[in-house]
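J.: A single structure is presented below for examination.
The values are calculated or read from the model by the stated rules, or taken from the named source; none is laboratory data. Because the structure is a prediction, the values reported are computed rather than measured. All Cβ positions, glycine included, derive from the backbone under ideal geometry; neighbour counts span all protein chains shown. Accessible surface areas use protein heavy atoms only, side chains included; no ligands, DNA or RNA. Shrake-Rupley method; radii C 1.70, N 1.55, O 1.52, S 1.80 Å.
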Amino acid sequence: MGLSAKSMNRHTLVIPLIAALAGCASAQSAYPSLAIRPAERASGTMQPPPVEPVLTPPTQPTLDRLSRLTADADADHRAFLGQVASTRATISAACGAASGDDSWARGEAARADWLAACCKTMVPLADLDRIYVDAGTQGEATDRVGAARDHISSLLAAEDATVAELSANLP
């Protein structure tokens, strides 16, 4: 049984190909691992140098708006405080009244009017938040806006404490 020349050529091509593939398979263990080496690990931190932003002062329209909003909040707070005595008297009269009684209804109505007055003080605060965001994104200093916001927030905190005190007296 003889091998033909064609089949001999195939065998001569296949044998080196198999040997090359076997060599590749055994050479894989010679490659380095892809795991992170100790020298590649970060061992410190870099802090960028502190940069002080250059802020421009608020524009005159912004300052005018701040003044107007602060004045509005102060006026709303004075109106709220002006209702304290009458609301306190109405709620005191409703103390001990049964739910649904006329004096109870008057106390609830007085409290609702009073809460509406309290909400008026909050409106300038929302506008100040918008001004704060706009000023910050345009590179303007926000310290005056923050001071106005803190002032109005303190007015609201006082109003909230008074509302909580009087609401506790209603049934």
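J.: Starting from residues that are assigned to a helix (DSSP H, G or I) and surrounded by fewer than 16 Cβ atoms within 10 Å (Cβ to Cβ), keep the ones in region 130-146 and report whichever is farthest from the chain's Cα centre (by Cα). Working first, answer last.
T.: Step one: of region 130-146, the residues assigned to a helix (DSSP H, G or I) are 130-137, 143-146.
Keeping just the survivors that are surrounded by fewer than 16 Cβ atoms within 10 Å (Cβ to Cβ) gives 130, 133-134, 136-137, 143, 146.
Details: ARG130: 14, VAL133: 12, ASP134: 16, GLY136: 15, THR137: 15, ASP143: 19, GLY146: 16 Å.
My answer is ASP143.
J.: Still on this model: Filter region 92-107 down to residues that are modelled with pLDDT of 75 or more and surrounded by 19 or more Cβ atoms within 10 Å (Cβ to Cβ), then give me how many there are.
T.: So the answer is 2.
J.: Inspect region 130-146 for any residue being touching a residue at least 24 places away in the same chain (Cβ under 8 Å) and farther than 23 Å from VAL54 by Cβ and give the result as yes or no.
T.: Checked against the condition, which is being touching a residue at least 24 places away in the same chain (Cβ under 8 Å) and farther than 23 Å from VAL54 by Cβ, region 130-146 yields no hits at all.
J.: Since GLY100 meets every condition but one in (1) assigned to a helix (DSSP H, G or I); (2) without any contact (Cβ under 8 Å) to a residue 60 or more places away in the chain, which condition does it not meet?
T.: Tallying (1) assigned to a helix (DSSP H, G or I); (2) without any contact (Cβ under 8 Å) to a residue 60 or more places away in the chain, GLY100 fails exactly one: (1).
J.: Then there is this: For the list (1) open to solvent by less than 70 Å² (accessible area, probe 1.4 Å); (2) in a helix (DSSP H, G or I), I need the number of the one condition that ARG88 fails.
T.: Result: ARG88 passes all but (1).
J.: Right, another one. What are the residues in region 147-171 that are among the acidic types (Asp, Glu), under 30 Å from GLY96 (Cα atoms) and under 28 Å from the mean Cα position of the chain (by Cα), if any? Before you say what the answer is, go through the steps one by one.
T.: Applying the first criterion (among the acidic types (Asp, Glu)) to region 147-171 yields 150, 159-160, 165.
Still in the list and also under 30 Å from GLY96 (Cα atoms): 159-160, 165.
Those that are among the acidic types (Asp, Glu), under 30 Å from GLY96 (Cα atoms) and under 28 Å from the mean Cα position of the chain (by Cα): GLU159, ASP160.
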